[in-house]
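The values are calculated or read from the model by the stated rules, or taken from the named source; none is laboratory data. All figures in this text were calculated on a predicted structure; none of them were measured in a lab. As a convention, Cβ positions derive from the backbone with ideal geometry for all residues, glycine included, and neighbour counts pool all protein chains shown.
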Amino acid sequence: MSLLELKNVSKIYGELHALDHVSLNVEKGEWVAIMGPSGSGKSTMMNIIGCMDKPTEGEVLLDGMDLAKESAKSLTTIRRDKIGLIFQQFHLVSYLTALENVMVAQYYHSIPDEKEAMEALERVGLADRAKHLPSQLSGGEQQRVCVARALINYPEIILADEPTGNLDEANEEIVVELFRKLHEEGTTLIVVTHDPEVAEVAQRTLVLRNGRLDHETINENFTGHIKLN
Amino acid sequence: MKKRKMYFRMITASLMRRRSRMLVALLAIMIGATILSGLVTIYYDVPRQMGAQFRSYGANMIFMAAEEDFTEQDVEQGLSYIHAEELVGVAPYRYESVRIHERSIMAAGTDMEGAKKSSPFWSVSGEWPSQSGELMVGAGVAETFRLRVGDKVTVTYTPETEQEEAALDDTLDFTVTGILDTGGSEEEYIYMSLEDMEELTGQDTVLDICELSISTDSDSLSDYAAQISEHVPGINARLVKRVTQSETTVLGKLQALVLLVTIVVLALTMICVATTMTAVVAERRKEIGLRKALGASNGSIIMEFMGEGLMLGGIGGLLGSVLGFVFAQAVSVSVFNSSISFRVLLLPVTVIVSVIVTGVACLLPIRSATNVDPALVLKGE
Ligand SMILES: Nc1ncnc2c1ncn2[C@@H]1O[C@H](COP(=O)(O)OP(=O)(O)O)[C@@H](O)[C@H]1O
Ligand SMILES: [Mg+2]
């Protein structure tokens with residue numbers, strides 16, 4: 001059984017079919033990239049997989065549970081327990097330090113553990129920035145805090161919506177390197193990106209167009225190592 | 001345990017690191033709490049202050065003769081019906097017509113200490129008579145006879161006799177020690193001790209009137225009057241209604257006003273806090289969405305914002321209750337010329353009321369916070 005299965009999923013806003021009968025399987029431990037032009041439904045799909053929205057039609061099976069049938073409350077619980085989120089705009093709490101931001105995720109998930117949060121910051125190379133507020137961090141550093149926050153609760157899937165969209169090339173490389181490490185540790189990754197270089201390090205790339213799955217490419221050369229430039 | 005620690009860490013971080021925004025709300029709560037605790041202090045203190053003030057506007061009961069006249073013994077008997085600690089002053093008066101330089105004038109014999117207490121607003125330049133042979137003259141009298149403090153004056157009394165036409169004059173020499181200013185008819189009188197009056201007239205003391213100043217409410221005052229009139233045959237006790245009633249009415253009106261102002265101020269505080277909180281929630285929509293995306297339930301969102309609000313309420317209440325005392329003290333000193341003591345109980349009361357008011361004010365804004373859609377964090381700006 002796949003970890004994640006979308007069966008004929010549609011999301012309809014009035015006349016607009018943001019997602020149009022999309023079917024997709026993601027296995028445990030897979031690293032999937034999603035590409036497509038702006039407005040093609042990538043974020044809509046991430047919202048549905050991330051338990052923040054429900055499809056208009058279709059089934060979304062996560063660990064065998066149909067998300068489309070769950071209440072908003074149990075979606076919150078599932079999101080908390082199984083999903084790690086990384087956003088293009090970082091979304092750190094502005095008045096909390098890097099360390100506290102990581103601990104917020106622990107707080108909602110289970111019990112805050114400062115030591116463990118610190119270790120997560122170490123993993124993303126930000127141990128020395130733990131006491132800094134987001135405004136005192138560069139964009140790349142902020143995104144690495146987000147990565148630390150996303151992985152702190154050992155989620156089954158990390159969903160990243162254009163995680164490198166606001167980063168320069170050097171920071172993009174650092175974040176991609178972090179994904180590679182997570183992948184090697186067995187984390188399932190779904191990464192939305194505009195950047196072919198970020199997409200081609202994944203195992204396969206799905207391309208959305210007008211809410212439909214346009215095509216899928218398997219990265220034959222996938223080795224688990226980065227192939228930037 | 002650890003979870004609670006993180007909770008406080010988050011809400012204090014929010015208050016401390018987002019100071020400028022929270023300052024507005026804190027200021028509103030603090031001003032509200034200041035006025036609340038200040039006015040409540042005054043509310044409870046005004047009766048005491050006003051009581052003292054009103055009592056200084058003279059007697060609130062008088063004894064009058066039931067038949068022709070009454071004696072000091074009758075007064076003693078009457079006083080036994082009044083609680084000693086409520087009795088502020090007793091001033092017995094005996095009036096006789098006398099002459100100075102062949103001009104007729106009214107003389108009052110009284111107990112100077114009692115008169116001083118039951119009419120504390122009398123303003124005397126010089127001294128109140130303190131021994132025999134000393135005289136206090138009203139300002140009008142002093143002007144007529146060009147009397148000044150220290151002057152000697154001879155007072156003549158002609159006994160009323162029915163049998164003989166030419167009775168002998170009695171005279172007594174006095175030294176003027178004080179000149180009385182009241183703005184009323186008292187200025188046309190001269191005042192001597194009851195003993196001097198007895199000596200001048202050669203008659204035992206009988207009283208025409210006795211003024212009493214009693215510190216109690218109007219109900220027990222009428223009780224006293226009724227009891228004394230009934231049980232002491234020589235005395236007819238009456239309330240000086242005008243003063244006692246206005247005392248009660250003015251007090252009631254003042255307290256109602258204070259209450260009204262307090263309610264209005266609390267309502268304004270609530271509106272201000274609610275407005276600020278609404279702005280805070282709007283400004284933090286992204287953060288709320290993020291917290292929800294991280295798995296926060298509506299309950300924890302409510303808890304966090306309520307926690308911030310209630311903490312502000314507590315801090316504002318604490319600061320306000322201290323400032324309120326300063327405020328009440330300033331009012332008391334400038335209006336009533338006396339200081340008040342700090343009511344310790346008012347501190348927790350003010351803090352609790354501030355916390356409640358803030359909590360109520362936060363209800364609607366925080367409810368709207370729970371409506372934020374977590375999906376908004378994935379939407380680009
Ligand atoms: N809440 C919404 N209401 C109406 N239309 C929406 C909503 N969210 C997304 N859309 C529309 O759905 C389409 C897909 O959006 P989105 O998934 O954000 O695209 P992408 O992330 O691929 O750029 C767009 O045309 C967008 O305008
Ligand atoms: Mg998008």
Tell me whether the range B:121-143 contains one or more residues that are on the phi < 0 side of the Ramachandran plot, under 28 Å from the mean Cα position of the chain (by Cα) and charged (D, E, K, R). no
I'd like to know if the range A:26-42 contains one or more residues that are β-branched (Val, Ile, Thr), within 16 Å of ligand 2 (Cβ to nearest atom) and touching a helix residue (DSSP H, G or I) at 6+ places or on another chain (Cβ under 6 Å). yes
Within the range B:352-381, track down each residue that is within 16 Å of ligand 2 (Cβ to nearest atom) and either acidic (Asp, Glu) or not in a helix (DSSP H, G or I) (or both). B:ASP373, B:LYS379, B:GLY380, B:GLU381
I'd like to check something: does the range B:31-39 contain any residue that is over 30 Å from B:GLY140 (Cα atoms), modelled with pLDDT of 85 or more, outside any loop (DSSP other than H, G, I, E, B) and in the same structural domain as B:GLY202 (by TED's automatic domain parsing)? no
For the range A:101-209, which helices (runs of 4 or more DSSP H) that fit wholly inside it have 3 or more residues that are within 14 Å of chain B (Cβ to nearest Cβ) and either small (Gly, Ala, Ser) or farther than 21 Å from A:GLU30 by Cβ (or both)? A:114-123, A:139-151
Do we have A:GLY64 as in contact with a Pro (Cβ under 7 Å, 6 or more places away or on another chain) and more than 16 Å from ligand 2 (Cβ to nearest atom) here? no
Got at least one residue in the range A:51-73 being in contact with a Lys or Arg (Cβ under 6 Å, 6 or more places away or on another chain) and closer than 21 Å to B:ALA296 by Cα? yes
Among what's in the range A:149-166 and is away from ligand 2 (no atom under 16 Å from the Cβ) and touching a helix residue (DSSP H, G or I) at 6+ places or on another chain (Cβ under 7 Å), pick the residue that is nearest to B:LEU378 (Cα to Cα). A:ILE158
